[in-house]
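Here is the structure we will look at.
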Amino acid sequence: MTALEVLLFLVVLCIILYAFVLSRSPKNLPPGPKPLPIIGNILDLPRSKQAYKDFLKYKEKYGDVVRLVLGPFQTFILVFSQKAIHKALIQQGNDFKFRPTTLFVIKKIFHGNGIFFGNGDVHQKLRKLTLVTLKDFGVGKKSLEERIQDETHILADELESYGGQPRDIRKTLKRAVANIIAGIIYGSRLDYGDPEFIRLIQNIDTIFTVTSAILPENFFPFLAYLPNSKARKVFNAFDDISRYARRRIKEHRETFDPENIRDFVDLYLKAEEHEDEEAVNEENMFRVIVDMFNAGTDTTATALAWAILYLMTNPDVQDKCQKEIIENVGSGRAVSLSDKERLQYLDATIKETLRLACIAPLVPPHTVLEDTQFEGSTIPKESTIIFHLNSVLTDPNIWETPEEFHPERFLTEEGRKKEKEFFIPFSIGPRSCLGKHLAMMELFLFLGNLLQRFKFKIPPGCQKPSIERVHTGITCQPHPYQVCVVPN
Ligand code: HEM
């Protein structure tokens, strides 16, 4: 066969397959832009650095449930608004609780294992085991609060060493947060200047700024084999983090003593002795560790970077937080979790940061295993379903002046906590964020203790930094900014 004949054969094969898939798709699909043959709606995908925002135009045009076809066979469903997201993830949570196994990049990295991209009984067991472990993390020599306190002091000393000069502190924040996870998992922290640590954090950056359900390699896997493929960068980053995790697990296995549990890895090694082997085995432990290290670092560190940006651009809010800390804690001792009830304004500031920055504006993909009736249409089985959290967290029908930073919206007139049903930065339902409590604890202790010691200021002579969100991968990042960290 000549090259032209092979090409013609492939095109005809694709058309036949495409016609076959179309004939089998359910009727009554959600509305959406008309797909082209073979490539579907690829040309309609966001190309700006604010992918979540570009998707909002579909909500305006087609409503709360929108269908896209990506590549020849992938059905994508976008779900917007509190009502529809709540219905899917809570009322129909058992239908929508699965993760897809059809996206090439995700399949190649996760193999359907671990907590993030696992499904079924094994996922449930791993999730439960990890949650219990995180909850009563009295293992090892230190409590979780002590670990965070210790790291806060090291971070504060590092920031103080910058002498109040303008700096981009985002990398330092990432190293501090990564150390909390490293401490939980491996029982020890890493030095901020350790080249291996710096490389691991760079890998996490790559994963979080590049990986996306709409990466073209997901629908056209051959693209992953081209030089400069973004997916290749993600694979390399994962491989490096994985090699590190496997080495640390091996070291733990060699020195394991069931009578002296040092950390999360030891707990899993212990669980291996009596838990169901299908769920608790070395491969799954490795996946869980990599999931935790990735999911627990970039998200919380990004939230911290946003909080500092909002504080320096809203000095009145910063002053109120500091006044509250001075009045309720003073400067003679560290801010601790037992101060939480007394530091309501700080708590509201953290919530407002998570709302406005919207760290994960598009929930990592879900799927349904069967054709599923939802909001008057049929969601085809194995569709990739994306819940648009930003459409809830900045919905003008829910939040007054949603694009403004206003912590008071989380407080009553008397300054007490006001619960907000629509505050869902960690998503909701059976797959909601497993590290929510850890993240909130870290944000409270890091910010409370830093604000007790420092003021965050815009460098003299500089313009107010942009608070526009950059969204090219999983998380919404701030633009790079410089800050002066000045002792109080
Ligand atoms: C500000 C910080 C964080 C934010 C905004 C955040 C947000 C999210 C979101 C939106 C999801 C998807 C939920 C869904 O699919 O419905 C998620 C899942 C997850 N998060 Fe977080 N997260 C944060 C911190 C953390 C931390 C500190 C950890 C780990 C210790 C963590 C571990 C996980 C895991 C393992 C999942 C997957 C759960 C599952 O599929 O069962 N996250 N997170």
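The values are calculated or read from the model by the stated rules, or taken from the named source; none is laboratory data. On a predicted model such as this, the values are computed, not experimentally measured, just so you know. No Cβ is skipped: glycine too gets one built from the backbone with ideal geometry, and neighbour counts run over all protein chains shown.
Summary of values
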{"quantity": "Pairs where the first residue, in segment 456-485, is within 22 Å of Thr299 (Cβ to Cβ) and the second is acidic (Asp, Glu), C-beta under 6 Å, 6+ apart", "calculated": "Thr475/Asp298; Pro480/Asp168"}
{"quantity": "Exclusive hit being more than 16 Å from the ligand (Cβ to nearest atom), over 18 Å from Leu369 (Cβ atoms), modelled with pLDDT of 85 or more and over 18 Å from the mean Cα position of the chain (by Cα), set Leu126, Leu70", "calculated": "Leu70"}
{"quantity": "So Phe387, is it within 11 Å of the ligand (Cβ to nearest atom), within 26 Å of Leu70 (Cβ to Cβ), modelled with pLDDT of 95 or more and under 24 Å from the mean Cα position of the chain (by Cα)", "calculated": "yes"}
{"quantity": "Residue tally, condition closer than 16 Å to Val483 by Cα and in a helix (DSSP H, G or I), over segment 311-330", "calculated": "5"}
{"quantity": "One residue from Leu343, Leu304 being more than 14 Å from the ligand (Cβ to nearest atom), under 25 Å from Leu411 (Cβ atoms) and either of a type in the set (Phe, Trp, Tyr) or modelled with pLDDT of 90 or more (or both)", "calculated": "Leu343"}
{"quantity": "Within segment 43-60, considering residues that are among the basic types (Lys, Arg) and part of a loop (DSSP other than H, G, I, E, B), the one surrounded by the most Cβ atoms within 10 Å (Cβ to Cβ)", "calculated": "Lys49"}
{"quantity": "Condition check for Leu190: within 26 Å of Pro478 (Cβ to Cβ) and assigned to a helix (DSSP H, G or I)", "calculated": "no"}
{"quantity": "Residue in segment 406-415 that is among the acidic types (Asp, Glu) and in contact (Cβ under 8 Å) with a residue 12 or more places away in the chain present", "calculated": "yes"}
{"quantity": "Close pairs (9 angstrom Cβ cut-off, 6 or more residues apart or separate chains): part of a helix (DSSP H, G or I) in segment 92-104, surrounded by fewer than 20 Cβ atoms within 10 Å (Cβ to Cβ) and among the acidic types (Asp, Glu) anywhere", "calculated": "Asp95/Glu370"}
{"quantity": "Close pairs from segment 354-371: first farther than 21 Å from His123 by Cα and in contact (Cβ under 8 Å) with a residue 24 or more places away in the chain, partner within 8 Å of the ligand (Cβ to nearest atom) and not in a loop (DSSP other than H, G, I, E, B), Cβ under 7 Å, at least 6 apart", "calculated": "Leu354/Ala303; Ala357/Ala303; Ile359/Thr299; Ile359/Thr302; Ile359/Ala303; Ala360/Thr299"}
{"quantity": "Residues within segment 189-209 that are in contact (Cβ under 8 Å) with a residue 40 or more places away in the chain and away from the ligand (no atom under 16 Å from the Cβ), tallied", "calculated": "2"}
{"quantity": "Tabulated pairs, segment 111-133, first surrounded by fewer than 19 Cβ atoms within 10 Å (Cβ to Cβ), second among the hydroxyl-bearing types (Ser, Thr, Tyr), C-beta under 6 angstrom, 6+ apart or interchain", "calculated": "Gly112/Thr101"}
{"quantity": "Pair list, Cβ < 6 Å and 6+ apart or interchain, from segment 273-297 residues that are on the phi < 0 side of the Ramachandran plot to residues that are aliphatic (A, V, I, L, M) and away from the ligand (no atom under 16 Å from the Cβ)", "calculated": "Val280/Ala271"}
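Matching residues to (1) more than 18 Å from the chain's Cα centre (by Cα); (2) within 16 Å of the ligand (Cβ to nearest atom); (3) in a helix (DSSP H, G or I):
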site: Glu421; (1), (2), (3): yes, no, no
site: Arg431; (1), (2), (3): no, yes, no
site: Met440; (1), (2), (3): no, yes, yes
site: Leu445; (1), (2), (3): yes, yes, yes
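A quick yes/no check of all residues on (1) at pLDDT below 90; (2) within 25 Å of Thr102 (Cβ to Cβ); (3) in contact with a Leu (Cβ under 7 Å, 6 or more places away or on another chain); (4) among the aromatic types (Phe, Trp, Tyr):
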{"position": "Ile169", "(1), (2), (3), (4)": "no, no, yes, no"}
{"position": "Asp194", "(1), (2), (3), (4)": "no, no, no, no"}
{"position": "Thr211", "(1), (2), (3), (4)": "yes, yes, no, no"}
{"position": "Ile214", "(1), (2), (3), (4)": "yes, yes, yes, no"}
{"position": "Phe220", "(1), (2), (3), (4)": "yes, yes, no, yes"}
